[in-house]
Structure formats: structure tokens, C-alpha cells
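S.K.: Right, I'll just put the structure down here and ask away after.
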2 protein chains.
Amino acid sequence: MKRGNLFVLSGPSGVGKGTVLKRLLKEYDDIEYSISATTRPSRRGEINGKDYFFLSVEEFFQMVDNNQFIEWAEVHGNFYGTPREYVEKTLQEGKDIILEIDIQGARKVRESCPDAIYVFLLPPSFSELEKRLNKRGTEDEKSKEIRLKNAREELKELVNYDYQIVNDNLEEAVEKLKAIIVAERCRVRK
Amino acid sequence: MKRGNLFVLSGPSGVGKGTVLKRLLKEYDDIEYSISATTRPSRRGEINGKDYFFLSVEEFFQMVDNNQFIEWAEVHGNFYGTPREYVEKTLQEGKDIILEIDIQGARKVRESCPDAIYVFLLPPSFSELEKRLNKRGTEDEKSKEIRLKNAREELKELVNYDYQIVNDNLEEAVEKLKAIIVAERCRVRK
């Protein structure tokens, strides 16, 4: 059986990764979602095994020791990780799976999953900035410089990605992500 | 301005390239169609500059001499070519353009346009054949061998393509082609 594709959706914090992914999964059931494990307490309404796998710190580090995470990280005193087994099982069944993760996490995933397909979600302000910077003189030099510097810092990562989507319209961003998934299924593997 | 993408739609004769492309262009006006030049007489209803550029043999070879074709070939005593200028102009304007061509032609286009995106349209019988060949014993060995040989001959070209689409359902084939076009616009160029 043809192995499924692993998609990694990443981008700067606050860009709307979760919203785009949620909408995608609602409209499109031909892809699985990689559920993260975490040691943070569950919030009201969150379901264990659906939103997250809620683990104790002991359970979490047992999995770390057993190399059961594709990547893991500490964020604000809590631990988060991507369980390897579910991803691997899904891919082996020929199904696609998508993983939502921050830029640091995506970098770690890349080390163990170089064949995954990496999608960078860009904030609309990036493209706006680009447009603005292309039109000379519409912004004073200093603030232009600062914006450019910040943008450059985050954009540096872009070269490591396969696709970029500007999230200036939710529907369009979801359509593009869907197109990427469909197109990648048609890709001739060499 | 970001340069447009050149898409090359190819595949074995009779696979339905023209039908898929016609439907795509009807549903989706965000891509241009590369009009071929030919020395064959126009047929009833064909419009010069829309269906083809109808040229005399002299005009055709004037263009050949001036390197004005991306590729050209003789088919059943008539000459066909892909005018370079319209393709180049469209790409420079940042618009995508799609070219429908046989496998031989696609091979020539690849020499001058290695950056184009190559899509191979497969006949449903290929996938059917594959399925059938995977199930042992459902066909006698000799005819299985012949089918396999023919399929292999044409499939050899597949490795030179970026995408494959099995044309077992027109709507789905068009959807996939559209997805490829949308996805390629999101591709991070390295």
C-alpha cells in the first residue's frame, strides 16, 4: 500500500494555524489529525484523546525515554509532544495526517521526518508589508526598517518549507491547504 | 512581479487530455491556454488565434528558423508548434499558462523549460491494469505480459513528470489538475 503523506502546518504564533486546521478538518474528512500529548491540565470542554492526550509528567517522560515522541518541548512550564505511534500507524495505512506545530517544533520534526510536506502559514501583515515596501516612500524609513527586520527574522524559516499560504482570508487559506493535500497525492515520487 | 507557472499536460494518445483541459478552462479562468500553431487546414468551426494559429508551411518554417517555437513536430504530414512568444509574455505578466501536448512533445519542452510543471494524465486502464496485475491469476499470463509491456513503455516517462492524474472520472481529474495549479502557486521556490 502507498504510504500516506505527513503534512506539517506551521507559522508564527497567532497567525491562525488552529483556526485554519479546524476548518479544514470540518470540511474535509480525508485526512487525520495528529493529536498532541501534554502535561498541562485539561480545560473545560477538552476531551482526552480528541483535543489532547493528557498525561502526567511521569507518563510524559516515560514516553520521552522510550523515544515515543517525534518531537517534544516545554512551553510555559508544561510539556507538549507529538506521539510517534499514531502518526506512523496512520501513514502505514496509506492515510494522510496533518500536524499543527510552532516553528521551533517544525524544525525538530524536520530532523526525523524530512519527507513530510511543510506548509508555512503567513500572517496577512507579511504580504501587506511586502506590498508596502515595494511602493517606495509610503512609510518612514525607520519603522519600515523595524518591520522589515521582524518579518525577515520569521521569513528566514520559509526557505525550509515546501508551501506558503498567506492567511488573509480564512476560506481561501483553507482552499489552498486542501489543494496542497490533493496535489501532493498526485505527486510522482522519485 | 512573480513569474507565472508553465504547466505541461501530457499523456498517451486518447487519454482525454483535450477533454480535461477544455473542462478546466471552462470552470477556471485563472490560467491561460497556450495556443499551438499548425500548417494543417482549419476545420469547420475552428477559429484562427483561438483554437490554433493557422500558418502556411512557409510561415511555419520562418518561425522555426527564428527559434520562435518552444518545440515543433510533424504529425501525419502537418506541422505543429508551440509559439514561444505568447508563453513567455504570459509568464512574465505573472500569469499561469497551460500547454497540452503529447509525450514526445513534452520531452522536447522539458529541454527548454525544465522549470515547467509536468502533469501526466493516465488512462484508467493503467490503474485497472495495475490492480489486476496485483491480483494474481485473474488474467492469462500471455495477455497480462503484453499489457504490462505496453503499459511499462508509456509509464517509463512518468518518472520525468511532477504529477500524475488517473483520468477515470472527468470531474475528479479536473479537480486534481486545479488543485495542482493552486498548490504550485503556493510553492516556496528555492
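Nothing in this text is a laboratory measurement; each read-out follows from the coordinates by a stated rule. What you see is a predicted model; the values in this text were computed from it and never measured. No Cβ is skipped: glycine too gets one built from the backbone with ideal geometry, and neighbour counts run over all protein chains shown.
S.K.: Explain nothing, just the number: dipole magnitude of the protein assembly as shown about its Cα centre with +1 on each Lys and Arg Cβ and -1 on each Asp and Glu Cβ, in debye rounded to the nearest 20.
M.R.: Charge dipole of the protein assembly as shown: 80 debye, to the nearest 20.
S.K.: Okay, helix-only estimate at 222 nm for chain B: each DSSP H run of n ≥ 4 adds -39500 (n - 2.57), divide by all residues, round to 500 deg cm²/dmol; what do you get?
M.R.: -13500 deg cm²/dmol
S.K.: With a 10 Å Cβ neighbour count serving as the proxy for reagent exposure, in which order, fewest first, do A:VAL64, A:VAL87 appear?
M.R.: Listed from fewest to most nearby Cβ atoms, that is A:VAL64, A:VAL87.
S.K.: Another question, if that's okay. For A:ASP65, B:ASP168, what ranking results if the residue with the fewest other Cβ atoms within 10 Å of its Cβ goes first?
M.R.: Ascending Cβ contact count within 10 Å gives the list A:ASP65, B:ASP168.
S.K.: If I take R0 = 51 Å and measure r between the Cβ atoms of A:SER13 and B:LYS108 in this structure, what FRET efficiency does the formula 1/(1 + (r/R0)^6) give, to the nearest 0.05?
M.R.: Efficiency computed from Cβ-Cβ geometry: 0.60.
S.K.: Name the residue, out of B:LYS156, B:LYS142, B:LYS89, whose mean-square fluctuation peaks in a Gaussian network model built on chain B with Cα pairs under 10 Å.
M.R.: The residue that fluctuates most here is B:LYS142.
S.K.: Here's something else I'd like to know. Using the Karplus curve 6.51 cos²θ - 1.76 cosθ + 1.60 with θ = phi - 60°, what ³J(HN,Hα) values do you get for each residue of the stretch B:160-166, in whole Hz, with x for Gly and Pro?
M.R.: 8, 9, 8, 9, 10, 10, 8
S.K.: May I ask you to report, in nm to one decimal and beginning with the shortest, the distances from B:GLY77 to the same position in the other copies, taking label points 7 Å along Cα-to-Cβ?
M.R.: 8.8
S.K.: By counting other Cβ atoms within 10 Å of each Cβ, how are A:LEU170, B:LEU155, A:LEU99 ranked from fewest to most?
M.R.: Details: A:LEU170 12, B:LEU155 17, A:LEU99 24.
Ascending number of Cβ neighbours within 10 Å: A:LEU170, B:LEU155, A:LEU99.
S.K.: While we're looking at this one, here's another question. Using a Förster distance of 41 Å, how high is the FRET efficiency between B:SER42 and A:LEU170, based on the Cβ-Cβ distance and rounded to 0.05?
M.R.: 0.30
S.K.: If you don't mind, there's one more thing I want to ask. Determine the relative contact order of chain B: mean sequence separation of Cα pairs under 8 Å and six or more apart, normalised by residue count, in whole percent. Don't jump to the answer; show the numbers that get you there.
M.R.: Values: 264 pairs, mean separation 60.2, N = 190.
Worked out over chain B, it gives 32 percent.
S.K.: 7 Å from Cα along Cα→Cβ at both B:HIS76 and A:ASN66: what's the point-to-point distance in nm?
M.R.: Spacing of the two 7 Å Cα→Cβ label points: 6.7 nm.
S.K.: Modelled label-to-label distance, B:MET1 and A:GLU27, 7 Å Cα→beta-carbon offset: nm?
M.R.: In this crude spin-label approximation the distance works out to 2.8 nm.
S.K.: Moving on to the next point. Label points 7 Å out from Cα along the Cβ direction at B:LYS149 and A:ILE146: separation in nm?
M.R.: Here the modelled spin labels are 7.4 nm apart.
S.K.: Is the shape of the protein assembly as shown best called rounded, prolate or oblate, per the rule: a/c under 1.5 gives rounded, else a/b larger than b/c gives prolate, else oblate, with a ≥ b ≥ c the square roots of the Cα gyration tensor eigenvalues?
M.R.: Oblate is the answer for the protein assembly as shown, as a/c is 1.5 or above yet b/c matches or exceeds a/b.
S.K.: What is the average number of partner chain Cβ atoms found within 10 Å of a Cβ in A:174-182?
M.R.: 5
S.K.: Then there is this: What are the extents of the Cα atoms of chain B along their three principal axes, listed from largest to smallest and rounded to whole Å?
M.R.: 56, 42, 33
S.K.: Considering only the label points, 7 Å along Cα→Cβ from Cα, what distances in nm to one decimal separate B:SER56 from the same position in each other copy, shortest first?
M.R.: Label-point separations across copies, in nm and ascending: 9.2.
S.K.: Now a separate question. Taking a label point 7 Å from Cα toward Cβ, how far is A:PRO114 from its twins in the other copies, in nm, shortest first?
M.R.: 2.1
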